[in-house]
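Accompanying notes for the structure given below.
The values are calculated or read from the model by the stated rules, or taken from the named source; none is laboratory data. Since the structure is predicted, the reported quantities are computational estimates derived from the model, not experimental observations. As a convention, Cβ positions derive from the backbone with ideal geometry for all residues, glycine included, and neighbour counts pool all protein chains shown. Note: accessible area is taken over every heavy atom of the protein model, side chains too, but ligands, DNA and RNA are not part of it. Shrake-Rupley method; radii C 1.70, N 1.55, O 1.52, S 1.80 Å.
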Amino acid sequence: MKKSIPGVVCVFLLFAGCSGGDSGSGAERGGGSGSGGGSSFVGSVETENGVTVVEMAGNDRMKFNLTEFAVQSGATVRLTFENVGRMPKSSMGHNVVILEQEVDALGFVTDAAKAKENDFIPPDRTGDVLAHTKLLGPGESDTIEFTAPPPGEYEFVCSFPGHTQAGMRGVMTVEPDDGS
Ligand code: CO
């Protein structure tokens, strides 16, 4: 019976591999040494007391450790993002910007690159942003909370110049509320 469970979990842990347990033996995959932080470069999505808790990180190699995750529409989502790199914020800052549905990610970050004074969140496009963290330097983290929007796919990016183009992007899938 338990054999079916890891398949579900792995949807959220594509970058983490699928060790399917707490052995810890596969936890280093995906991060690479020298990315800083000292902990495994693995993101997670869990439900705790009815809150969907998302933990993700970005590193000096311009990677998120979570590029796909799913939440249920209407759920309270608490997302913690950590910059586990060591390079200075001025050259390797990271954030997580979740875009509203059907916002063109590359167009958005093109505008964001001109908004350095606002930590690369373009002031005239706040309506295109569902939620975002602060821009973080090495070792910093930020936690944001939002209500999961209507079902659909929502892209998220790091809006630091060049990072989305380098692959620092992903998709949050919002599933219909199953009523449970
Ligand atoms: Co970045």
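Okay, here's what the table says:
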{"quantity": "Neighbourhood charge, 15 Å Cβ-Cβ cut-off, centred on G167 and excluding it, Lys, Arg +1 and Asp, Glu -1", "calculated": "0"}
{"quantity": "Paramagnetic reach from D142 (point 7 Å along Cα→Cβ, amide N under 15 Å) across segment 64-83", "calculated": "79-83"}
{"quantity": "Under 5 Å, built H, 5+ apart or other chain: amide partners of A57", "calculated": "N65, L66, E82"}
{"quantity": "Share of carbon and sulfur in the accessible heavy-atom surface of segment 114-180 [1.4 Å probe, %]", "calculated": "48"}
